[in-house]
Amino acid sequence: MTIGLDDVVAAETGLSHVDGEAGRLIIAGHDLEELAGQMSFEDVVAMLWDGLVPNAASNPKALLSEARQRAYAHLAPLSPRLAGLTPVEGMRLLLASLPDAERDHPALAVGAAGVAAAMAVRGAQGLAPVAPDSLLGHAADILRMMRDAPVSDSEAKGLDTYLVTVIDHGLNASTFTARVVASTQAGILSSVVAGLCALKGPLHGGAPGPVLDMLDAIGSIENADAWLDDAMSRGERLMGFGHRIYKVRDPRADVLMAAVGRLKGKSNRIAFAEAVEATALRVLERRKPGRRLDTNVEFYTAILLDALGIPREGFTPLFAAGRSAGWVAHAIEQTRTGRIIRPQSRYVGAWPAEAA
């Protein structure tokens, strides 16, 4: 028996492949580096959905734009219900209100995820929702709806790169959850809500925020070496370094580092974060010689989203906004097998006493 299903093959997929030993992430036949920062989120969605969603490639920007408009019309009246909820809980409430109707295009789930992420972040701050703009790309519109302010080209490109980077990543916990729900024929939107519920857990989608907590605690680059060394002496994990799957550098960190570089020099702490990263890698090498612990996706996710002015409690909803396209693709792929996912368990409890 394998606890946690490690190394158990539970599905065959044409969507993505994670090669942790080589530090490689393949999305629909392309290395991540060929896509993130090179193709728009909409175009990568169309590529990921090829053969799964009819007409997805005809005009993906218009497809998601229309989906955002349709989602907003349904979700905006629910904005008063967001008071007192965290952004991820608010996003869960909003998405759960959408019906699993056969007539609804899968794009509705992705459009709704973007609208719900923006609404939930604003709702948690007591702010009214902002309607989508049909002329903008998906990433630019999410950021504008979240901030209620114009978005520069470099900012839109930064968030677009992030959404592509997190669009799919093998059979992770939330994707597996989405496939299990899809296998019951519950519907695409129910599968996306289930994926979000799994992503909400701190062991899956909650890691980027603590990176900023670490930077806050370090305070200045002069304190970095001593602070990081002390943290490791106490047995604490350095947030943003090392990964369960990747044995070398996380390829997602590299593409996000490039996106962060385009925002450097403004009123943000990118230069400080880069200096902390360099110090942390030296401390890790000194403390754990022979064990490679590289920068992972959470580190540069935190730096990028922070530079875009997104509050840290909004990080997981934005992760879900990008990953929703992958959840949709996996849900459809799973449904086509026509078989419910029903693994076995091994009973280790007490047995009834045998009759005398």
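The values are calculated or read from the model by the stated rules, or taken from the named source; none is laboratory data. Everything numeric in this text was worked out from a predicted model, so none of it was measured. No Cβ is skipped: glycine too gets one built from the backbone with ideal geometry, and neighbour counts run over all protein chains shown. Surface areas here come from the heavy atoms of the whole protein model, side chains and all, with no ligands, DNA or RNA. Shrake-Rupley method; radii C 1.70, N 1.55, O 1.52, S 1.80 Å.
Some points to look at:
- Residue tally, condition open to solvent by 30 Å² or more (accessible area, probe 1.4 Å) and more than 16 Å from Gly137 (Cα to Cα), over region 32-42: 2
- Residue count for region 43-62 under the criterion of being over 19 Å from Leu318 (Cα atoms), in contact (Cβ under 8 Å) with a residue 12 or more places away in the chain and open to solvent by 60 Å² or more (accessible area, probe 1.4 Å): the result is 1.
- If you go through region 181-228 and keep only what is surrounded by fewer than 20 Cβ atoms within 10 Å (Cβ to Cβ), at pLDDT 95 or above and of a type in the set (Val, Ile, Thr), you end up with just Thr184.
Rundown of residues vs (1) under 23 Å from the mean Cα position of the chain (by Cα); (2) modelled with pLDDT of 95 or more; (3) farther than 17 Å from Asp168 by Cβ, yes/no style:
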{"site": "Ile27", "(1), (2), (3)": "yes, yes, no"}
{"site": "Met39", "(1), (2), (3)": "yes, yes, no"}
{"site": "Ser58", "(1), (2), (3)": "no, no, yes"}
{"site": "Ser65", "(1), (2), (3)": "yes, yes, yes"}
{"site": "Ala76", "(1), (2), (3)": "no, yes, yes"}
{"site": "Pro80", "(1), (2), (3)": "no, yes, yes"}
{"site": "Arg92", "(1), (2), (3)": "yes, yes, yes"}
{"site": "Ser97", "(1), (2), (3)": "yes, yes, yes"}
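- Check on Arg249, within 22 Å of the chain's Cα centre (by Cα) and surrounded by fewer than 23 Cβ atoms within 10 Å (Cβ to Cβ): yes
- Qualifying helices (runs of 4 or more DSSP H) (wholly inside region 63-175; at least 3 residues being small (Gly, Ala, Ser) and surrounded by 20 or more Cβ atoms within 10 Å (Cβ to Cβ)): 106-124
- Looking at Arg291, Arg252, just one residue is in contact with a strand residue (DSSP E or B) (Cβ under 7 Å, 6 or more places away or on another chain), under 21 Å from Ala22 (Cα atoms) and either in contact (Cβ under 8 Å) with a residue 60 or more places away in the chain or of a type in the set (D, E, K, R) (or both), and that residue is Arg252.
- Considering region 305-356, and only residues there that are among the charged types (D, E, K, R) and modelled with pLDDT of 95 or more, the residue that is least open to solvent (accessible area, probe 1.4 Å) turns out to be Arg323.
- Pairs are defined by a Cβ separation below 6 Å, a sequence spacing of at least 6 or placement on different chains, a first member in region 10-34 that is without any contact (Cβ under 8 Å) to a residue 24 or more places away in the chain, and a second member that is part of a strand (DSSP E or B) and of a type outside the set (Lys, Arg); the pairs so defined are Ile26/His17.
- Among residues of region 223-235 that are over 13 Å from Ala278 (Cα atoms) and in a helix (DSSP H, G or I), those with a Cβ under 7 angstrom from a residue that is open to solvent by 30 Å² or more (accessible area, probe 1.4 Å) and of a type outside the set (A, V, I, L, M, F, W, C), sequence gap 6+ or separate chain, pair up as Met232/Arg287.
- Test set (1) among the charged types (D, E, K, R); (2) at pLDDT below 95; (3) within 19 Å of Ala320 (Cβ to Cβ) - Arg103 fails condition number: (3)
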